[in-house]
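One structure is given below, encoded as structure tokens.
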Amino acid sequence: MGRIIAVKIKAVIFDCFGVLLGNTLQQWTARLSEEDAQNFLSLTYAADKGIVSEEEATVERAKLLGISPQQLLDGFAAGEVLNTELVSYIRELKKTYKVGLLSNINSRERIEVRLPDGLLDELFDEIVISGDLGVIKPDAAIYQYAAAKLDVAPEGCVMIDDVERFCEGARTVGMQAVQFKTTQQALADLNTILDETTVTV
């Protein structure tokens with residue numbers, strides 16, 4: 001018979017695009033053939049890893065779509081809207097828990113350009129950017145790194161992400177995870193976890 005271990009949640013880690021900010025990726029790939037959509041995603045992931053620059057990826061993705069790089073950038077800007085309800089929630093959450101941001105993105109600046117000055121550092125104790133590490137979700141290493149930066153064991157963390165396979169990646173290292181579909185749903189699911197003591201046998 002195994003031991004029963006009470007695990008207290010000490011940190012919540014949020015994804016950026018699709019959670020804190022809107023995500024336009026699916027909007028773009030839906031306009032492409034299956035092959036071109038895969039190429040679009042491959043360019044995105046290469047930029048997220050820091051293998052190619054964001055500028056180079058933008059040019060090549062725009063070619064796939066048959067639009068100018070500026071039109072693509074304008075489309076990103078229009079869709080990457082700040083989730084103000086979530087911002088208010090995080091401000092309260094931070095009074096009790098450590099809060100992190102974990103994003104598959106080329107650079108911190110790519111996020112900051114969408115936010116009021118100083119908001120990123122106000123909301124998050126630690127910010128983990130895939131482009132700085134050369135590793136993207138769902139690689140186990142990036143979740144472990146985020147937990148270590150927060151000085152919390154993975155079992156003490158909850159990951160909030162709009163992509164289910166990225167949630168699964170978090171679970172493989174021992175984190176709990178909530179797939180973000182709507183703000184109301186995700187926060188309700190998170191509150192359920194935070195209100196309970198997780199028991200592992």
Just to be sure I understand, how many residues within segment 49-74 are modelled with pLDDT under 95 and over 27 Å from Leu133 (Cα atoms)?
0
For the subset of segment 51-62 comprising residues that are surrounded by fewer than 15 Cβ atoms within 10 Å (Cβ to Cβ) and among the charged types (D, E, K, R), which member is nearest to Glu35 (Cα to Cα)?
Glu56
Taking segment 92-126 as the region of interest, how many residues are within 26 Å of Leu41 (Cβ to Cβ) and of a type in the set (Asp, Glu)?
2
Check every one of the helices (runs of 4 or more DSSP H) wholly within segment 93-201 and list those with 2 or more residues that are polar (S, T, N, Q).
183-195
Only one of (1) in the same structural domain as Leu190 (by TED's automatic domain parsing); (2) free of Cβ contacts under 8 Å to residues at least 60 places away in the same chain; (3) under 21 Å from Gly169 (Cβ atoms) does not apply to Leu41, and that is (1)
Residue count, segment 150-172 (criterion: over 16 Å from Lys94 (Cα atoms) and not small (Gly, Ala, Ser)):
12
Cβ contacts < 8 Å: first residue assigned by TED's automatic domain parsing to the domain that holds Val158 and among the polar types (S, T, N, Q), restricted to segment 97-126; second residue surrounded by fewer than 15 Cβ atoms within 10 Å (Cβ to Cβ) and not in a helix (DSSP H, G or I), any location; separation 6+ or different chain. Result?
Asn106/Ser53
State whether one or more residues within segment 76-83 are modelled with pLDDT under 95, within 26 Å of Gly100 (Cα to Cα) and among the aromatic types (Phe, Trp, Tyr).
yes
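The values are calculated or read from the model by the stated rules, or taken from the named source; none is laboratory data. Please read all numbers here as calculations on a predicted model, not as lab measurements. Positions of Cβ are generated from backbone atoms using ideal geometry, with glycine treated the same way; all protein chains shown enter the neighbour counts.
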